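Accompanying notes for the structure given below.
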Amino acid sequence: MNSTQSILETARKTIDLERDAIANLSHLLTDDFANAVALMYNSKGRVIITGIGKSAIIANKIVATLNSTGTPSIFMHAADAIHGDLGLILEDDVVICISKSGNTPEIKVLVPLIKNAKNKMIAITGNDKSFLAQQADFILNAYVEQEACPNNLAPTTSTTAQLVIGDALAVCLLELRGFSSKDFAKYHPGGALGKRLYLRVSDLSSINQKPKVAPDTSARDVIVEISEKMLGVTAVVENNKIIGIITDGDLRRMLTKSNEFLHLTAKDIMSSNPKRINEDAMAVDAMELMETNGISQLLVENNGEYSGVIHLHDLIKEGII
């Protein structure tokens, strides 16, 4: 069995080798890359990305990245394409073919069919002298000196290089489109990333109950209000303006300091000038405010008036944290 040190050395060698290969990609960029980006940006159709084997898996990931950043894309397996899926390609679509060698049998059958349909074709290949490269309108050179595989066979470094080129295309297109965080949220409404970008405080606080007491409310009634509203907190409100906050912790501290607490009022127990947030603020801002101050609840305002409570558990439930 290999020793821990031997395993770590192999891992580091793999990472270093792939790192160097990625760094070299920037030196392989030509005007073809910029022209390919312009072609995709100005296209009235979609981007069809195809490949076979491990390159097909990379093609799927690039499709997902492009779709999520505003460039409509479809994956087409190279083998399936020559058995009927070629009908996916419409007149205005741009085709990206991914192949390390650029000379696989499937690519040699597929490429002429794409050319006959007069669709523009971009090649991502490690061999700029290959059949694919010679037929493509634009060549994106993904050459790597060797695979991380010790036998120089399993696609490792080469697929990493393909993926990086795909990311570079996506980011260039994203910037050309002026794709904003709001756009990102629109394409990711169900994920935690999207929620961080579109979920507002009011979306969460409006679901909660709205605990509040007046400054002269008795300690007994404060306890009842906090218990009934089940948020571990109540606002102390005067003329619908927040003047203080009482938490479970405040009640516990009160009980340790005084045996006679029933004569106390909310004003005697409360903490003045509590942290608060506007209901139009982003939920992620509420999270940051809680983390910074080491608290688990925030009072919420609307136009300077008390409107509710947002709790740390609300943020956890929505996957914000």
Residue that is most open to solvent (accessible area, probe 1.4 Å), among those in the range 1-24 that are of a type in the set (Gly, Ala, Ser) and over 18 Å from Val144 (Cβ atoms)
Ser3
Name the single residue, out of those in the range 112-157 being assigned to a loop (DSSP other than H, G, I, E, B) and of a type in the set (Val, Ile, Thr), that is surrounded by the most Cβ atoms within 10 Å (Cβ to Cβ).
Val144
Looking for something within 30 Å of the chain's Cα centre (by Cα), closer than 21 Å to Val164 by Cβ and of a type in the set (A, V, I, L, M, F, W, C) - is there at least one such residue anywhere in the range 64-73?
yes
Has the range 25-42 got any residue that is crowded, with 21+ Cβ neighbours inside 10 Å, of a type outside the set (D, E, K, R), in contact (Cβ under 8 Å) with a residue 12 or more places away in the chain and under 26 Å from Leu153 (Cβ atoms)?
no
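Table: residues versus (1) open to solvent by 80 Å² or more (accessible area, probe 1.4 Å); (2) assigned to a helix (DSSP H, G or I).
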{"position": "Ile246", "(1), (2)": "no, no"}
{"position": "Met254", "(1), (2)": "no, yes"}
{"position": "Leu298", "(1), (2)": "no, no"}
{"position": "Glu301", "(1), (2)": "no, no"}
{"position": "Tyr306", "(1), (2)": "no, no"}
{"position": "Ile316", "(1), (2)": "yes, yes"}
From the options Ser218, Ser205, residue that is open to solvent by less than 80 Å² (accessible area, probe 1.4 Å) and at pLDDT 90 or above:
Ser218
Among the candidates Ala78, Ala64, Ala56, single out the residue that is of a type outside the set (Val, Ile, Thr) and in contact with a His (Cβ under 6 Å, 6 or more places away or on another chain).
Ala56
Within the bounds of the range 158-173, is there any residue that is assigned to a loop (DSSP other than H, G, I, E, B) and either among the polar types (S, T, N, Q) or loosely packed, with under 15 Cβ neighbours inside 10 Å (or both)?
no
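The values are calculated or read from the model by the stated rules, or taken from the named source; none is laboratory data. Not measured: the values here are computed from a predicted model. Cβ: placed from backbone, ideal geometry, glycine included. Neighbour counts: every protein chain shown. When the accessible area is computed, the model is the full protein with side chains, heavy atoms only, and any ligands, DNA or RNA have been set aside. Shrake-Rupley method; radii C 1.70, N 1.55, O 1.52, S 1.80 Å.
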